[in-house]
1. Kindly establish whether TRP118 is modelled with pLDDT under 80, in a helix (DSSP H, G or I) and either hydroxyl-bearing (Ser, Thr, Tyr) or under 20 Å from the mean Cα position of the chain (by Cα) (or both).
2. Which of the residues that make up region 152-202 are over 16 Å from THR87 (Cβ atoms), β-branched (Val, Ile, Thr) and surrounded by fewer than 18 Cβ atoms within 10 Å (Cβ to Cβ)?
3. Pairs needed: first member in region 4-26, not assigned by TED's automatic domain parsing to the domain that holds TRP118; second member anywhere, of a type in the set (Ser, Thr, Tyr) and surrounded by 15 or more Cβ atoms within 10 Å (Cβ to Cβ); C-beta distance under 6 Å; at least 6 residues apart or different chains.
4. Condition first: surrounded by 22 or more Cβ atoms within 10 Å (Cβ to Cβ), more than 15 Å from PHE57 (Cβ to Cβ), outside the structural domain of ALA23 (by TED's automatic domain parsing) and among the charged types (D, E, K, R). Can you find one or more residues in region 96-107 that meet it?
5. Does region 198-207 contain at least one residue that is out of contact with any helix residue (DSSP H, G or I) (no Cβ under 6 Å at 6 or more places or on another chain), under 15 Å from PHE57 (Cβ atoms) and in contact (Cβ under 8 Å) with a residue 60 or more places away in the chain?
Amino acid sequence: MDAFWNELVSALTNGQPAQLPLALAGMIITAAVIWFLKGRAWAFLYVALIPLLNWSFGRPEVPHVDLTAMFGGVFGASHHIVFNPLTIATGMVFVVRDFVQREMGHRVLVLMALAIGWSFYYSWPVIALASGIAFAISETADWLIFTFTRYRLSTRILLSSALAAPIDTTVFLYGADLAQVMAGTAEPGSQLNLANWIFFIIGKMIGAVAVSAMIRYREKRGEVDPAAA
């Protein structure tokens with residue numbers, strides 16, 4: 001039980017147990033802000049996903065898949081091609097944001113700021129900064145398609161994710177590459193290379209395609225309004 005508690009405290013405080021009261025207070029305040037802004041389940045998931053994913057790219061505990069042997073020759077890679085399985089979940093971030101916008105409208109931008117703020121606590125500052133810039137760019141493109149097109153909901157989810165994923169991937173991989181070089185754990189280009197760029201986008205789109213297909217199925221059954229905002 002003590003071991004479980006220590007692991008939980010370490011996870012909540014990013015390895016700084018003395019900061020537990022401060023971390024808990026921050027979480028309570030964050031939850032109160034989300035609730036006050038009329039955010040519900042999707043909003044809480046959105047704010048939790050972003051720092052979790054940013055944290056995963058700087059932690060050796062998170063298992064990564066080395067694809068160098070399989071694809072290194074194809075791309076002429078001079079560094080390891082390493083794929084983070086949680087990249088698939090990053091595709092879900094754009095989809096979750098679309099659902100949050102349905103709940104909260106433009107107040108979703110406040111939630112994005114909260115999530116990026118927590119990313120600075122749980123991940124390397126360079127990764128958090130890159131993530132913030134990437135989301136600012138890609139979320140703007142995502143929001144424009146979701147808000148102003150007349151496509152059905154399932155199509156808007158897929159198109160907005162497809163437009164946002166390449167932008168987000170480019171900026172984020174640059175930040176991840178820079179962070180690992182600064183930490184002395186990798187050489188330049190270990191993260192930002194063509195192979196990683198392609199695999200990251202594929203991973204992100206897997207989540208978006210799955211959710212879009214689910215929504216399209218529910219649209220056909222009359223359970224979801226295709227014109228929903």
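1. Numbers: modelled with pLDDT under 80: no; in a helix (DSSP H, G or I): yes; either hydroxyl-bearing (Ser, Thr, Tyr) or under 20 Å from the mean Cα position of the chain (by Cα) (or both): yes.
Against the criterion (modelled with pLDDT under 80, in a helix (DSSP H, G or I) and either hydroxyl-bearing (Ser, Thr, Tyr) or under 20 Å from the mean Cα position of the chain (by Cα) (or both)), TRP118 does not qualify.
2. Across region 152-202, the qualifying residues are THR155, VAL181, THR185.
3. These pairs meet every condition: ASN14/TYR122; GLN19/THR13; LEU20/THR13; ALA23/THR13.
4. yes
5. Yes.
The values are calculated or read from the model by the stated rules, or taken from the named source; none is laboratory data. None of the values given here were measured: they were computed from a predicted structure. Every residue, glycine as well, gets a Cβ built from its backbone with ideal geometry; the counts of neighbours run over all protein chains shown.
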